[in-house]
Ligand code: GAP
């Protein structure tokens, strides 16, 4: 029984996220702070898994990429030189009638908030001549460093993690013995004073990015661009996202950021339409050259083999942790009709088909009943699995069917039940979330079987 309207589907996912402890509205007890969210016990594991999977794919599984963790606050000059102080802004228009504020470039998708006009498209309001001339609104959050709040102490909260990588290019080059082609990866918080945040954690004002700047010889850049576009698309499908819900969309000339000569977005078909998950941008030598000129520090590279000095070109896959986590949630969500309940109504189970690498909990362990020595054995098995590095969950309360359903709803791929037979012959029931199939496995074989299933998922 799928929800009929896409909005309903999104509402159900948001409600599950709150009910089961994935994502909460920030400052909820004070009425909530718009566009800010807190990750609960399961959400934080989901997000950690997303970041871990990205880091493994981009850094630890390769020789040519290293990591970095740069400060959120940088010299304001960084943002002047990168073009963010002058160029990182959206055009805003105000409605002279209802005082609502809109992004001029998104009038097609915005509606008038005035109840009298019954959700009329903002474009119609414009055609009536209600709007002011557009003004540029800079998206960077400003704050002050030190005790004096004047223009000399203004600093910005970084709007992207990328600039910390460019300003450390030479430090990494000199300390790591790498030479182009090589990459520097970073995961961290970024801040943008978005005018139209929304769609849950899709567009927030505080969010997390996973960015990698890949520095390469100029002539190799087209090859690396193609490589990274494909590799980033494949990352999502390898982790279980449905390929037919993903697409690559090259940017038109008019969409390109000020530093870019080309960009391809990986997009996902959310309930609210195709939307950007990440962008793979051709940043050329723009940033390194600008920082070289402004700082007086030469950020070029001397190729000893070719006996030449050049400024590397950059290909940048830039993803959002929150958007990726939301994609895994939306893509995994299913309401499955699996029979008829005792009252003759359709029996619907809600299940998140997470890939085991993404699932907050890998295996749940249950004693069938809370007596006859079963809890002790279950406790022993759960401890062993946990010590082997599995994320586990132990639950001994309630009917077993209901315990399985609770795990289905949070996407736990495997459940292990200890019953009377376990005490006799050492076998346990291993239940698969997706097929709901149950098989008996000897407890000595459990770890190997689970590892095998995860590897073959
Ligand atoms: N360094 C390039 C850069 O920052 P971007 O397309 O502006 O490029 C990269 O951002 C990714 O960061 C986006 O594809 C998205 O996943 C994520 N992101 C950007 N703004 C966001 C926001 N307001 N809320 C959540 N995620 C955001």
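The values are calculated or read from the model by the stated rules, or taken from the named source; none is laboratory data. Worth saying up front: this structure is predicted, and the values here are computed from it rather than measured. Because the Cβ atoms are built from the backbone with ideal geometry, glycine has one as well, and the counts that use them run over all protein chains shown.
One table, with the values for the structure above:
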read-out	value
Number of the condition not met by residue 421 [criteria: (1) in a helix (DSSP H, G or I); (2) out of contact with any strand residue (DSSP E or B) (no Cβ under 7 Å at 6 or more places or on another chain)]	(2)
The listed residue being over 23 Å from residue 161 (Cβ atoms) and within 16 Å of the ligand (Cβ to nearest atom), out of 322, 331	331
Residue tally, condition within 16 Å of the ligand (Cβ to nearest atom) and in contact with a helix residue (DSSP H, G or I) (Cβ under 8 Å, 6 or more places away or on another chain), over region 285-309	5
Scan of region 241-261 for residues that are at pLDDT 95 or above and in contact with a helix residue (DSSP H, G or I) (Cβ under 7 Å, 6 or more places away or on another chain), ordered by number	241, 242, 243, 245, 246, 248
Residue match in region 361-369 (condition: surrounded by fewer than 17 Cβ atoms within 10 Å (Cβ to Cβ) and more than 16 Å from residue 444 (Cα to Cα))	yes
Options 312, 317; residue that is more than 15 Å from the ligand (Cβ to nearest atom), crowded, with 23+ Cβ neighbours inside 10 Å and in the same structural domain as residue 172 (by TED's automatic domain parsing)	312
Residue within region 185-204 that is in contact with a strand residue (DSSP E or B) (Cβ under 7 Å, 6 or more places away or on another chain) and either away from the ligand (no atom under 15 Å from the Cβ) or under 24 Å from residue 297 (Cα atoms) (or both) present	yes
Qualifying positions in region 208-219 - surrounded by 16 or more Cβ atoms within 10 Å (Cβ to Cβ) and more than 16 Å from the ligand (Cβ to nearest atom)	216, 217
Test result for residue 172, away from the ligand (no atom under 16 Å from the Cβ), assigned to a strand (DSSP E or B) and at pLDDT 95 or above	no
Counted residues, region 194-252 - those being in contact (Cβ under 8 Å) with a residue 24 or more places away in the chain, in a strand (DSSP E or B) and over 16 Å from the mean Cα position of the chain (by Cα)	6
Residue 287 without any contact (Cβ under 8 Å) to a residue 60 or more places away in the chain and either over 29 Å from residue 54 (Cβ atoms) or in the same structural domain as residue 198 (by TED's automatic domain parsing) (or both)	no
In region 134-168, residue farthest from residue 319 (Cα to Cα) [restricted to those that are within 16 Å of the ligand (Cβ to nearest atom) and in a helix (DSSP H, G or I)]	167
Of all residues in region 263-275 being surrounded by fewer than 21 Cβ atoms within 10 Å (Cβ to Cβ) and either within 18 Å of residue 88 (Cα to Cα) or in contact with a helix residue (DSSP H, G or I) (Cβ under 6 Å, 6 or more places away or on another chain) (or both), the one that is modelled with the highest pLDDT	269
